[in-house]
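Here the structure is laid out as structure tokens; the discussion comes afterwards.
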Amino acid sequence: MTNDSRTVVVTGIGAFTPLGGDAASTWEGLVNGRSGVRLLVEDWAADIPVRIAARTAVEPGDVIPKHQTRRLDRSAQFALIAAREAWADAGFETAATAPGSTVDPDRLGAVVASGIGGVTTLLDQYDVLKEKGVRSVSPHTVPMLMPNSPAANVGLEIGARAGVHTPVSACASGAEAIGYAIEMIRTGRADVVVAGGTEAAIHPLPIVAFSNMMAMSKNNEDPQAASRPYDKARDGFVLGEGAGVIVLESAAHAAARGARVYCEAVGQGLSSDAHHIAQPEPTGAGIARALAHLFESTDLDKAEVAHLNAHATSTPQGDVAEIKALRKELGDHVDHIAISATKSMTGHLLGGAGGIETVATVLALHHRQAPPTLNVDDLDPEVDADIVTGEARKLPTGPIAALNNSFGFGGHNVVLAFRTAD
Amino acid sequence: MATKDEVLSGLAEIVNEIAGIPAEDVELDKSFTDDLDVDSLSMVEVVVAAEERFGVKIPDDEVKNLKTVGDAVDFILANS
């Protein structure tokens, strides 16, 4: 890796997830195979077909004061907490606009995405309108529900003036945000970009709507066994909530300030299926094109890839299409890739997935350890790949790379690649 | 009919809830915007909460005249 301004590195991480209120506790949960899925105990859950979800391990209201939570959608609260952690983890002590900052605010960006935006704010405020009348609707409703709200609030927090962006591509949104951030640095628009994904959609309407698409597991009897990627008995995803955010930085900028470097952010591969609004393309052709784009547009070698944090949401079609795509593009190289499906523990965070799974991928390289996949009791024979099950697995020494896949309704395919820097 | 002190302490509770400012810092000469971190959106919340609490109607075009806590206390006392 060269320390130039076109090479991008990861210098900070933050997470607020069903497994923990920060990146360290989340990682501890992942490598120990802990499930964050629980039975929903809210009154509204009693009468709907899916009564399981993976709530954040910590309530954001225990971290952020009430006068701030009342003007932030839950998705923005998650993003802000994770971004603050990542920012401090990168060694930054103040906002870029504050005196003594080591970052030029004009060279600092924020790219934070969610799949659905402030959906609970929208629905809750409509309830307020119907039940309490016009005067009671919060004047903060619009800035809370707009999908760019998490990005804008993170940008305000750190003083980002190079650009604040929110790519939206359903469950690929968080990964697309990180890819966008890598390009902001590579093309010279910014030195530092805070990027990630967040989602807060645990509410009866999204759950019923996903459930009516036949996309969700209905295993209410055994919540922690419900998210079971690659297992023959998988019956859909489990909804999770939370955020994962990283600090991306040009290698030159990181070296100049003596920053600790987790790994290199090599680049992204992108494609779209042109197949169906919600169904995965069954042969994996679209995903394979995203992988091909990654290897064409970066110096990454297929032989370097030792780990994949798979999209693997635990749906019957999607999990197999992803594996087929890997075989199609990577051939025999798939055999030396330790594949982890961490949604078996966190549930599926939709637009937050790319965020927390990038944090997991970065930490997998950092600790050279691949988290286990839970609930693979009876591996689907169509899954012709090396799935890490049971316990976490050591990754090889020497230079290695890891991929993080994210795909979204609409046929969006995003592959992110990271590589050890030492 | 509330006294001036009762209206002030009620408004202080509202500002504390909405802007996170300690209630004891909400004094008659304080400006909502400059001293109490109440921006134009949060001011709408303060107004709606004050209307409910004191049973008073504060018209939209009156809100711009309520620059200090004292302005709001006087308006509430004169109109409730």
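The values are calculated or read from the model by the stated rules, or taken from the named source; none is laboratory data. Here the structure is a predicted model, which means the values were calculated and not measured. Cβ atoms come from the backbone with ideal geometry, glycine included; neighbour counts cover every protein chain shown. Each accessible area value is taken on the protein alone, full model and side chains, heavy atoms only, with ligands, DNA and RNA left out. Shrake-Rupley method; radii C 1.70, N 1.55, O 1.52, S 1.80 Å.
Distances between placed amide hydrogens fall under 5 Å for A:LEU239 paired with A:ALA54, A:HIS348, all partners being 5 or more residues away or on another chain. Computed over the alpha-carbon pairs of the range A:1-51, the distance histogram in 5 Å steps reads 5, 16, 14, 11, 12, 14, 12, 6, 4, 4, 3, 1 percent, short to long. Shielding by partners for peptide B:12-22, expressed as the average number of C-beta atoms from other protein chains within 10 Å of each residue's C-beta, is 2. If you run the Gaussian network model on chain A, springs between alpha carbon atoms under 10 Å, then out of A:HIS307, A:HIS67, A:HIS203 the most flexible one is A:HIS67.
With charges only on Cβ, +1 for K and R and -1 for D and E, what is the dipole size of the range A:160-226 about its Cα centre, in debye, rounded to 20? Could the numbers behind the result be given before it?
On the way: 4 positive and 6 negative charges, 56 e Å.
Dipole of the range A:160-226, to the nearest 20 debye: 260 debye.
Could you work out the local net charge near A:ILE13, counting Lys and Arg as +1, Asp and Glu as -1, over the other residues with Cβ closer than 13 Å to its Cβ? Charge balance near A:ILE13 sits at -3.
Distances longer than 14 Å among the Cα atoms of the range A:259-320: what percent of all pairs is that? Numbers along the way, then the final one.
Numbers: 1262 of 1891 pairs.
Within the range A:259-320, distances greater than 14 Å cover 67 percent of Cα pairs.
Close amide-amide hydrogen proximity is noted between A:VAL112 and A:ALA151, A:HIS165, A:GLY196, each under 5 Å apart and 5 or more residues distant or on a separate chain (H modeled in the peptide plane; Pro and chain starts excluded). What the Kirkwood sum gives for the range A:188-262 is a hydrodynamic radius of 15.8 Å, with every pair of different alpha carbons counted. When chain B is described by a simple charge dipole with +1 on each Lys and Arg Cβ and -1 on each Asp and Glu Cβ, the residue from B:ILE58, B:ALA23, B:SER42 located farthest towards its positive end is B:ILE58. The charge dipole of the range A:1-138, taken about its Cα centre with unit charges on the Cβ of Lys, Arg, Asp and Glu (plus for the first two, minus for the last two), comes to roughly 320 debye.
Across the range A:7-104, how large is the tail of the calculated P(r) beyond 22 Å, expressed as a percent of all Cα pairs?
On the way: 2186 of 4753 pairs.
For the range A:7-104, the share of Cα pairs beyond 22 Å comes to 46 percent.
Grab the other residues whose beta carbon is less than 11 angstrom from that of A:THR2, score K and R as +1, D and E as -1, and report the net. Walk me through the intermediate numbers first.
Values: positive: A:ARG6; negative: A:ASP4, A:GLU264, A:ASP299.
Charge balance near A:THR2 sits at -2.
Test of understanding: extend the Cα→C-beta vector of B:ARG53 to 7 Å, then name every residue of the range A:122-156 with backbone N under 18 Å from that spot. Residues A:136-139 fall inside that zone. Relative to the Cα centre, the charge distribution of chain B, modelled as +1 at Lys and Arg Cβ and -1 at Asp and Glu Cβ, gives a dipole magnitude of about 260 debye. The alpha carbon radius of gyration of the range A:277-354, expressed as a multiple of 2.2 N^0.38 Å, is 1.11.
The alpha carbons of the range A:104-168 give a radius of gyration and a Dmax of 14.6, 48 Å, in that order.
Comparing the protein assembly as shown with the 2.2 N^0.38 Å rule of thumb, its C-alpha radius of gyration ratio is 1.04 (two decimals).
At 222 nm, what value in deg cm²/dmol follows for the protein assembly as shown if DSSP H runs of at least 4 each add -39500 (n - 2.57) and the sum is divided by all its residues, to the nearest 500? Estimated from H runs of four or more residues: -11000 deg cm²/dmol. When Rg and the Kirkwood Rh are both derived from Cα coordinates, the Rg/Rh ratio for the range B:2-80 amounts to 0.90. In terms of the mean number of neighbouring beta-carbon atoms within 10 Å, the peptides A:150-162, A:6-18 order highest first as A:6-18, A:150-162.
Taking all protein chains in place and a 1.4 Å probe, what share, in percent, of the accessible surface of the range A:188-346 do carbon and sulfur account for? The nonpolar share, carbon plus sulfur, comes to 55 percent. Its residues counted as N, the range A:285-404 yields a C-alpha radius of gyration over 2.2 N^0.38 Å of 0.99. Of the residues A:GLN68, A:GLN77, A:GLN125, the one that moves most in a GNM of chain A with alpha-carbon contacts below 10 Å is A:GLN68.
How big a patch of accessible area, both sides summed and in Å² to the nearest 100, lies buried between A and B at a 1.4 Å probe? Present the calculation step by step, with values, prior to reporting the outcome.
Details: alone 15580 and 4730 Å², together 19230 Å².
That pair of chains buries around 1100 Å² in total.
Placing dummy labels 7 Å off each Cα toward the beta-carbon, the span from A:LEU129 to A:SER297 is 3.9 nm. Tally Lys and Arg at +1 and Asp and Glu at -1 over the other residues with C-beta under 12 Å from the C-beta of B:THR68: what net charge comes out? That sum, taken over residues with Cβ under 12 Å, equals -4. Surface composition of the range A:80-156: carbon plus sulfur atoms contribute 59% of the solvent-accessible area (1.4 Å probe, protein chains only, all chains present). Modelled spin-label separation between B:ASP61 and A:HIS367, with each label point placed 7 Å from Cα along the Cα-to-Cβ direction: 6.4 nm. Largest mean-square fluctuation among A:ASP332, A:ASP89, A:ASP319, in a Gaussian network model of chain A whose springs join Cα atoms under 10 Å apart, belongs to A:ASP332. Extension gain, A:TRP44 to A:MET213, is 58.9 nm, computed as 0.36 nm per intervening residue step minus the present C-alpha separation.
Which of the residue pairs A:LYS302/A:LYS324; A:LYS132/B:LYS57; B:LYS30/B:LYS67; A:LYS232/A:LYS324; A:LYS218/A:LYS343; A:LYS132/B:LYS64 have a Cα-Cα distance greater than 18 Å in the structure shown? Numbers along the way, then the final one.
On the way: A:LYS302/A:LYS324 16 Å; A:LYS132/B:LYS57 16 Å; B:LYS30/B:LYS67 8 Å; A:LYS232/A:LYS324 16 Å; A:LYS218/A:LYS343 16 Å; A:LYS132/B:LYS64 25 Å.
Pairs exceeding 18 Å: A:LYS132/B:LYS64.
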